[in-house]
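Please treat every number below as a calculation from the coordinates, not as lab data. What you are looking at is a predicted structure, and each value in this text was computed from that prediction instead of being measured. For neighbour counting, all protein chains shown are included, and Cβ atoms are generated from backbone atoms with ideal geometry for every residue, glycine included.
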């Protein structure tokens, strides 16, 4: 997936291949993609994605927006604005 040997964010050398949930936003639309392969830093949690994986997510999101592909399911999401206490 990547030739990276250490985290670019914190410098940790312990990186683990795993899957995660990825949020893709484009033109005011949001797509939640589950089970996305990535490399994750064991210390800080920074995640690294293969460029081909991200291109596939972008293409899938466009296909869904153009009604050429159906998503696995729809979810209801609440949206709020941050207000300092």
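Identify the residue in region 14-30 that is touching a residue at least 24 places away in the same chain (Cβ under 8 Å) and farther than 13 Å from residue 65 by Cα and, among all such residues, is nearest to the chain's Cα centre (by Cα).
22
Go through region 41-85 and give me each residue that's assigned to a helix (DSSP H, G or I) and closer than 30 Å to residue 14 by Cα.
Answer for region 41-85, where residues must be assigned to a helix (DSSP H, G or I) and closer than 30 Å to residue 14 by Cα: 51, 52, 53, 54, 55, 56, 57, 58.
Is it the case that some residue within region 31-38 is touching a residue at least 12 places away in the same chain (Cβ under 8 Å), exposed (fewer than 12 other Cβ atoms within 10 Å of the Cβ) and assigned to a strand (DSSP E or B)?
Yes, that holds for at least one residue.
Checking residue 27 against (1) surrounded by 11 or more Cβ atoms within 10 Å (Cβ to Cβ); (2) touching a helix residue (DSSP H, G or I) at 6+ places or on another chain (Cβ under 9 Å), which single condition isn't satisfied?
Here residue 27 meets the rest and fails (1).
So which of 64, 57 ends up being farther than 26 Å from residue 6 by Cβ and surrounded by 13 or more Cβ atoms within 10 Å (Cβ to Cβ)?
So the residue among 64, 57 that is farther than 26 Å from residue 6 by Cβ and surrounded by 13 or more Cβ atoms within 10 Å (Cβ to Cβ) is 64.
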